[in-house]
Every structure is written in C-alpha cells, then in structure tokens.
Amino acid sequence: MRLAPEVTNAIKSGPVPVMRDWRSAPSNQLTKAEKVMKFAETYLKVPDGIEVGQPLRLHPFQEAFLYSVFDNEVHTDTAVLSIARRNGKTFLIAVIVLAYLVGPLAIKNASIASAANSRAQAALVFNMMVKMLMMSPELSKRTHIVPSAKKITGTAMNTEYLALSAEAKTGHGQSFLVLVLDESGQIRGPTNEYVSMLRSSQGSHTHPLFVTISTQAATDADFLSVLIDDAVKSRSESTVCHVYSADDRCDLMDETQWKKANPGLGTFRSVNDLRTQLEQASRLPPMENGVRNLLLNCRISQDTLWLAPSVWKACGEPFTLEWFRGRSVSMGLDLSARHDLTAAVIAAKDEVTGFVHIYPFVFCPSEGVVSRAQRDRAPYDYWVDNGFMHTCGRGVMNYEELATKVRDMLYDAEITVSNIEFDRWRINEFKGACERVGFATEATWHEVGQGFRDFSPRCEAFQSEMLAKTLRHGNHPLFNMAAASAIAVSDPAGSIKLDKAKSSQRIDPIVAAVMAVFPITDGSVGQFDVLAMIG
C-alpha cells in the first residue's frame, strides 16, 4: 500500500513504515504493529460522536504511526506525533495504552501512564478509555476501574494504568514501562521538571517507551519543539517523529494546506467546521496566530512573536569573539538584581561588507542556578558549566564584580567599547562600580527609554538588519532562547516595543542587543515588510 503524500511529508525521523492490507492477513503472520491494530479494531468501539458505538476503524495516518513505532527494527524509545486539533489524538493514545494494559503488548506487572499538564486534560484520556472498556464486554471483564484514583488494572497480567497530571503532582515513585504525554505543546520552555521526573522513572526498564501526541508548541524554545528539532537533526532510528503541519504563512483558505495538518479531515475533523473557523480568522487578524497553531499545526505563538524563526535562523552564521578586535564596538546593557538575567551585548559593523555582529555576555547570581533553571525552564546550569553564561554575586547581582568580569573578558579579547546604551534601572550603581574598577571610563554613555517612543526605532533598525541578512548572531544559545520568546506589543500609532511580561522566557539578551545595534546603524530603518518579521 502506498503512503499518502501528507504521511510521507510528515515523517521526520524513524523508519518509513511498510504498509499492507493487514486485515486480510492470517493472524499468525501479523507484525507487532498489526497485532495492536487488530486488537483495536476487534475489541474497541467509537466512544462518542456521530459514529458512537460503531466498530473502531483506524485511519491510514494512525496506522503509519503505529507501524513506525512498533515494527521498528531498532527499538523505538521515543515517539512523537504532532497534529492539528480534533484529529483523534486522544483516541490514538487510548489505543496505545490499552494495547499495553489488556492487549497484545501486555507484560506482567507492568505500569503504564498517560500524563498531562492539568487534571482536566488528564481526565480526557482516562474517560475515553473507560468509555471504550465499558462498550467492550470482553475487555470490561478483564479490567478493574477506580475512577477516584484515575486508575485501571488489567486483571489477567496485573498491569496498571494511571492518568497523571502535573497539576496534581502525581506519579512520584512509580516506574513506568510506557509513558504517554498528552498535549506536550502546552509546555513552555525547553525543559519541564515534572516530565523529567516521569521520564527518569523509566530507567529501571530495559526497553521503555515514551510517546507524546500533541499540536505544535508556540516557539522553537519550547519542550515539544526541542524534541522535534532534535529528532530532525539526529535522524535517530530509535526516535519516531511524525509532524503534520501546514506551510508557514500559507493562505488560510488554501484547502491543500488543510490536509497537511489534518490527515483525519472528513473523518475525525469536520471539513465544514474547519472552513468556518478559518474563514473567521481570515476576517479577524487577531485570531490568525491562534488558528494557525491549533488548526494548521504551525509553530507560532498566539501572541505576536517579534522575530520569525526562519528569519532568525538565516542570520546564525558562526564567528569568534576575535572578530570584534580593532573595530568600533557598541554595548547594550540590561541590568538585573535577582530574578532577570543581566545582559551586556556588544555589537560592531564591518564597514566593507556591511555585516553587523552581536555577542552576549550574560550573568545571573551564583546561588540557586539549578533552581532558577527549573523555574525559568532553561538549562542555565549547563550554560554556566560550558561558558555560555556567567555567575556574578551570590544571592543578588554584585555590580562591582559584574563590572570587573566584563572588563576582564573584553580586555582578554582585546576589545574596546566606545559607547554604552543602557536602561536607566540601577545604572548609577553600575556606573559607580565601573569607575571604581576602571571599566569603560572613556566610553560615551547613552540612556535608552524602554517605552514605545525610544524603543520602536531601535526595534525597526534591528529588524532591517535581520531582513537584509546582514546581522550575525552566531547561534549563541542565550540569543536563541530570547529570540524564540520575544513578544512585541504595539501602541495605537503602530510603534512597537518588546514586552518581558508576555514573553515565555527571559529576553534580556535580545533587549540589550537591540540597544547595542542601533548606534552602529545610524538609526537607519530602511523599508521592510513588517509581516515578514512576525513569528
């Protein structure tokens, strides 16, 4: 059987499934995946909707995913299926879990779990499984359901299923053979303490399986995006990754794009309902990002991301700190005391090529780096250990130590700063420290307001360099984190600024970069397409 084009395009890593008419094959010739599918279609019925009570019939895209996961010659340890809303995600999770609980994959005394961010989300999978079991006389005899604990036991093999939620902080101390994470696209930041705890619990098994089925996350820096991008980059055969997504910035009413993100269109997802919602979003621009994310499964924030990922990535050519030697260097400075990051970003322009290079020196207090990393969902401890980020002070930022460290790092690299652009918060304390340690005593200091009037032209100048592909950020991880999270807000006049409160992670390095770049561009914003910059 040939794979549909949308299925072929969706396969990012793992084996390409070999599809066949398994329904006509003898039972003793079925593969592991086909046994799961035969179990599902033999014992399970549609739990709700128009076809409620009808025998379950798997869709080809679901079969392709099951083939890739369970017929993998290299054992699958991680499986990712990303797809638009209302395409049978919860339904497929229930099939996988039940196959391990009372189906052909059941192993004696095994524990299986589905996990979600909230109690309500966790209950969706549990409730669907209960409905399926209650509609199957054969399976209901082989299970014991405890609704109060969101627990189901398979009596034949003493298997156990739990529906867990981060909100309830359940699952501690358990060891799960199979862990299915529902709607992981809702996890903000690259790491999640609760998920890490659950995944570490699988270490006691020789061949555990982690599965996540979700719509895409908002930004490149979020958990699911990191998981998908790693799968695409590594091409590991043990990681199955299928992503159904429309093209970025496609026409909302292009029906060929609908199928790319909704392979279950016409079966699980109503065509008329999808058309109605997309037509409404076409008329109401504030709705557009939301429907692109949820209905077309595009990686896009429902807030307005300031930098489009494709534009940012195009400016990531690597370079070394030595590039700044002998050039006129501008510095942008965004100070903090305890919670935010302190960022000192240098920028310089090659007058021959016109390229502008930026490089960040980022600091946080030395105490509680690990707890800050967990709170902000960013690997600060790893970045500190590998020299991408630096500690300064203990519980709070020590400005004299900060001034000394910045001075020494620039001196060692033979870089001289000619001017410093700064936010006025606590600047007098820092300038006093600079005078005491002898840093930037001959530089010109210029205050930059953080409101629309002062920041909008600086944002526009930065955008111009990005669109012209004359900016180089070297893919520094602190820049990448900030760029993937920076949210732009606008006033009635159309002026823009960056909003730290709305951004999902710390954006101090980008704020400092915007300030640093402006003086070396002569404040020239040029002509550019604003829509091309929006993520």
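Brief remarks on what is shown
- Residue count for segment 119-168, restricted to those that are of a type in the set (D, E, K, R) and in contact with a Ser or Thr (Cβ under 7 Å, 6 or more places away or on another chain): 4
Listed here are the residues, each with its yes/no results for (1) out of contact with any Phe, Trp or Tyr (no Cβ under 8 Å at 6 or more places or on another chain); (2) part of a loop (DSSP other than H, G, I, E, B).
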residue	(1), (2)
Val7	no, no
Lys12	yes, no
Val16	yes, yes
Asn28	yes, no
Ala33	no, no
Met37	no, no
Thr42	yes, no
Asp48	yes, yes
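- Qualifying residue in segment 339-351 (condition: more than 26 Å from Arg424 (Cβ to Cβ) and either within 28 Å of the chain's Cα centre (by Cα) or part of a helix (DSSP H, G or I) (or both)): no
- If you filter segment 148-174 down to residues that are modelled with pLDDT under 90 and among the polar types (S, T, N, Q), you find that the one that is farthest from the chain's Cα centre (by Cα) is Gln174.
- Thr215 modelled with pLDDT of 95 or more and either buried (at least 23 other Cβ atoms within 10 Å of the Cβ) or of a type outside the set (S, T, N, Q) (or both): yes
- The set of residues from segment 232-260 being under 18 Å from the mean Cα position of the chain (by Cα) and modelled with pLDDT of 95 or more comprises Thr239, Val240, Cys241, His242, Val243, Tyr244, Ser245, Ala246.
Rundown of residues vs (1) modelled with pLDDT under 90; (2) over 28 Å from Trp323 (Cα atoms); (3) among the basic types (Lys, Arg), yes/no style:
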{"site": "Ala440", "(1), (2), (3)": "no, no, no"}
{"site": "Thr444", "(1), (2), (3)": "no, no, no"}
{"site": "Glu460", "(1), (2), (3)": "no, no, no"}
{"site": "Pro492", "(1), (2), (3)": "yes, yes, no"}
{"site": "Lys497", "(1), (2), (3)": "no, yes, yes"}
{"site": "Lys500", "(1), (2), (3)": "yes, yes, yes"}
{"site": "Gln505", "(1), (2), (3)": "yes, yes, no"}
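- If only residues of segment 157-182 that are in a loop (DSSP other than H, G, I, E, B) and of a type in the set (S, T, N, Q) are counted, the one that is nearest to Thr206 (Cα to Cα) is Ser175.
- Evaluation of Leu124 against the conditions (1) among the hydrophobic types (A, V, I, L, M, F, W, C); (2) under 19 Å from Met37 (Cα atoms); (3) surrounded by fewer than 23 Cβ atoms within 10 Å (Cβ to Cβ) shows that the sole unmet condition is (2).
- Among the residues of segment 186-212, those that are surrounded by fewer than 22 Cβ atoms within 10 Å (Cβ to Cβ) and under 24 Å from Gly264 (Cβ atoms) comprise Gln186, Phe210.
- In the set Leu296, Leu333, Leu274, only one residue is assigned to a loop (DSSP other than H, G, I, E, B) and either more than 23 Å from the chain's Cα centre (by Cα) or within 23 Å of Thr215 (Cβ to Cβ) (or both); that residue is Leu296.
- Cβ separations smaller than 9 Å between residues 6+ apart or across chains give no pair from segment 104-119 residues that are acidic (Asp, Glu) to residues that are surrounded by fewer than 16 Cβ atoms within 10 Å (Cβ to Cβ).
- Lone qualifier among Val46, Val7, Val97 - being out of contact with any Ser or Thr (no Cβ under 8 Å at 6 or more places or on another chain) and under 30 Å from Ala166 (Cα atoms): Val46
- Consider segment 476-490 and keep the residues that are modelled with pLDDT under 95 and not in a helix (DSSP H, G or I). The one that is surrounded by the fewest Cβ atoms within 10 Å (Cβ to Cβ) is Ser490.
- Selection within segment 362-404: residues that are among the aliphatic types (A, V, I, L, M), out of contact with any strand residue (DSSP E or B) (no Cβ under 9 Å at 6 or more places or on another chain) and in a helix (DSSP H, G or I). The member of this set that is modelled with the lowest pLDDT is Ala373.
Yes/no per residue for (1) in contact with a strand residue (DSSP E or B) (Cβ under 7 Å, 6 or more places away or on another chain); (2) surrounded by fewer than 18 Cβ atoms within 10 Å (Cβ to Cβ); (3) within 21 Å of Gly393 (Cβ to Cβ):
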| residue | (1), (2), (3) |
| --- | --- |
| Pro318 | no, yes, no |
| Ser330 | yes, no, no |
| Leu333 | yes, no, yes |
| Ile346 | yes, no, no |
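- For segment 266-303, filtered to residues that are in contact with a strand residue (DSSP E or B) (Cβ under 9 Å, 6 or more places away or on another chain), surrounded by fewer than 22 Cβ atoms within 10 Å (Cβ to Cβ) and under 16 Å from Gln216 (Cα atoms), the residue that is modelled with the highest pLDDT is Asn289.
- Identity of the residue in segment 352-361, hydrophobic (A, V, I, L, M, F, W, C) and part of a strand (DSSP E or B), that ends up farthest from the chain's Cα centre (by Cα): Val356
- Only one entry of Ala84, Ala40, Ala64, Ala33 meets the criterion of being touching a Lys or Arg at 6+ places or on another chain (Cβ under 8 Å), crowded, with 21+ Cβ neighbours inside 10 Å, of a type outside the set (Ser, Thr, Tyr) and not assigned by TED's automatic domain parsing to the domain that holds Leu294, and that entry is Ala84.
- Of all residues in segment 228-242, those being surrounded by fewer than 23 Cβ atoms within 10 Å (Cβ to Cβ) and either in contact with a Gly (Cβ under 7 Å, 6 or more places away or on another chain) or within 27 Å of His476 (Cα to Cα) (or both) number 9.
- Selection of segment 299-325 for residues being of a type outside the set (Phe, Trp, Tyr) and either without any contact (Cβ under 8 Å) to a residue 60 or more places away in the chain or in a helix (DSSP H, G or I) (or both) yields Pro309, Ser310, Val311, Lys313, Thr320, Leu321, Glu322.
The values are calculated or read from the model by the stated rules, or taken from the named source; none is laboratory data. Please read all numbers here as calculations on a predicted model, not as lab measurements. Cβ: placed from backbone, ideal geometry, glycine included. Neighbour counts: every protein chain shown.
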